[in-house]
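Let me begin by presenting the structure, written as structure tokens, before commenting on it.
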Amino acid sequence: MFSKRGCSHCTFQNCPVRPYAKRKPNTKQADCIYDCLDLWLVKWAGLLGDGHQLHGISTFSFQTWLSQARQSKDYALPNSSWSQGMMDLYSRFLEMCKDGTWKRIPSYTWLYRSTQLNLKKSLKLTSEKERKETRLFPRNMDTEGVGFEYAMFLNPSEKRMVCLFQPGPYLEGHPGFAHGGSTATIIDSTIGGCAIFVAGRVMTANLSINYRNPIPLGSVVLVDSKVDQVEGRKVFLSCQVRSIDGQTLHAEATALFIRLDSTKSLQQQMSSQ
Ligand SMILES: CCCCCCCCCCCCCCCC(=O)SCCNC(=O)CCNC(=O)[C@H](O)C(C)(C)COP(=O)(O)OP(=O)(O)OC[C@H]1O[C@@H](n2cnc3c(N)ncnc32)[C@H](O)[C@@H]1OP(=O)(O)O
């Protein structure tokens, strides 16, 4: 099923999703690699290392992973709990997706699923039930609107990820305001998505946040993150959380993510720690 043809621009030779021989010349590398949802999913799963080679994952697991992604609910779509402000901002970004500058990022209850079962076995989550019940932290509530309502958009050429975030009542810290831990979570996830985009499989090594103004529950804020520098395995990023009108700075953060050793599978990497 692997195409032997490659994209002349990004030299992606092993695309299991679609051949790149027909790619337009002069397409930017980032657009070339990320302009199709399937490839985002591949990148998400951390299946691609440097040089865009598939490594350590069988074709079978990849297909399983992709079909699971296709069957899963995408939580980054509007629901009835979204406020008008959230909807307006979402529509604004969707509009900016039309010329390809921005990409909407789908969102599931999991991040790495193809390796998940084995990984969870190594983490002593023994029963099938325990393994199935794990969830990506910000997607851990079924009821719409009570927890993390968010949608992310990626600007590949600017190496920038934004997240529209509407904190629900279950995220309360001080009365009426979002818990600082929930702010940290959404910052980590947004910045993390940005780091995944540039480096594949990464983990947060450092996250430093200055909280400037509390975030009212039910309000909508824009989490705006970008890659500042990449040095070997280290990805340095920064982030600001602002009100929709841009007038209130709620928080600002810097982070260091470390790319996991690309010669090891995720399972090996995690179980060696
Ligand atoms: C298109 C794509 C869309 C994708 C759309 C996805 C959307 C949805 C996204 C959801 C995204 C979720 C994102 C959650 C992200 C977590 O929440 S991760 C969980 C929290 N983090 C952890 O638990 C990490 C725990 N720490 C570790 O496992 C290990 O320390 C690490 C970070 C993997 C590094 O270990 P290591 O690989 O052995 O690396 P090590 O050799 O120690 O260090 C490498 C270098 O980094 C430096 N370093 C390491 N740690 C630090 C530190 N804390 N400070 C400073 N320097 C450090 C070392 O000094 C060394 O530097 P050099 O000597 O090379 O100059």
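The values are calculated or read from the model by the stated rules, or taken from the named source; none is laboratory data. All values derive from a computational prediction rather than experimental measurement. A quick note on method: Cβ atoms are made from the backbone with ideal geometry, for glycine too, and the neighbour counts reach across all protein chains shown. Keep in mind that these areas ignore ligands, DNA and RNA; they rest on the heavy atoms of the full protein, side chains included. Shrake-Rupley method; radii C 1.70, N 1.55, O 1.52, S 1.80 Å.
Among the listed residues 201, 160, identify the single one that is more than 8 Å from the ligand (Cβ to nearest atom) and modelled with pLDDT of 95 or more. Every option except 160 fails the conditions. I'm checking my understanding of the structure. Among residues of the range 232-253 that are within 11 Å of the ligand (Cβ to nearest atom) and either under 20 Å from the mean Cα position of the chain (by Cα) or at pLDDT 95 or above (or both), which one is farthest from residue 92 (Cα to Cα)? Ranking the candidates gives 233 first.
When residue 144 is tested against (1) touching a residue at least 24 places away in the same chain (Cβ under 8 Å); (2) open to solvent by less than 60 Å² (accessible area, probe 1.4 Å), just one condition goes unmet, and that condition is (2).
The residues listed here are 273, 269; of these, the one that is modelled with pLDDT under 95, near the ligand (Cβ under 9 Å from one of its atoms) and surrounded by 15 or more Cβ atoms within 10 Å (Cβ to Cβ) is 269. Listed conditions (1) of a type in the set (Lys, Arg); (2) open to solvent by 30 Å² or more (accessible area, probe 1.4 Å); (3) within 20 Å of residue 157 (Cα to Cα) are all met by residue 212, apart from (3).
Tell me, which residue of the range 215-231 that is over 23 Å from residue 93 (Cβ atoms) and either hydrophobic (A, V, I, L, M, F, W, C) or away from the ligand (no atom under 12 Å from the Cβ) (or both) is surrounded by the most Cβ atoms within 10 Å (Cβ to Cβ)? So, considering only residues that are over 23 Å from residue 93 (Cβ atoms) and either hydrophobic (A, V, I, L, M, F, W, C) or away from the ligand (no atom under 12 Å from the Cβ) (or both), the one surrounded by the most Cβ atoms within 10 Å (Cβ to Cβ) is 230.
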